[in-house]
Amino acid sequence: MLNRISMGNDEWLAVAAALRPGTDAGTGEDLTGALAYALLKNPQGVLPLTGGSIPLEAVCNVPLIEPTDAQVAKWKAEALTALSRVKATSLAREVAACRADFLAVPVHQDSGA
């Protein structure tokens, strides 16, 4: 199911929205991760789902575990490109906030330790 949601199809995004209230910490994170992937494919479908139980900042993030700098940079570039395709003026605030979240993600993940 998460794979289907991550593809960004509107019908599966509706399923994600319906499932979210019944999720706990772990399944909620999995669902949010799937929505982060879906954002790259269908930001205009994902952004209206954010707020309340689906935090915008959780969706507008890099959902990879211990990503390399190259993976972070690629994800950010793809996300920013996807967000640039959103034409709905009703989503301008969400697009701006999501862009800001991605621009704040550091490309260099290594703390030097």
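Heavy atoms of the protein chains alone define the surface here; on that basis the chain has 57 Å² accessible area per residue at 1.4 Å probe size. Note on ALA25 and ALA97: with the Förster distance fixed at 22 Å, the Cβ-Cβ geometry gives a FRET efficiency of about 0.40.
The values are calculated or read from the model by the stated rules, or taken from the named source; none is laboratory data. Remember, predicted model here, so these are calculated numbers, not experimental data. Because the Cβ atoms are built from the backbone with ideal geometry, glycine has one as well, and the counts that use them run over all protein chains shown. For accessibility, only protein heavy atoms count, side chains too; no ligands or nucleic acids. Shrake-Rupley method; radii C 1.70, N 1.55, O 1.52, S 1.80 Å.
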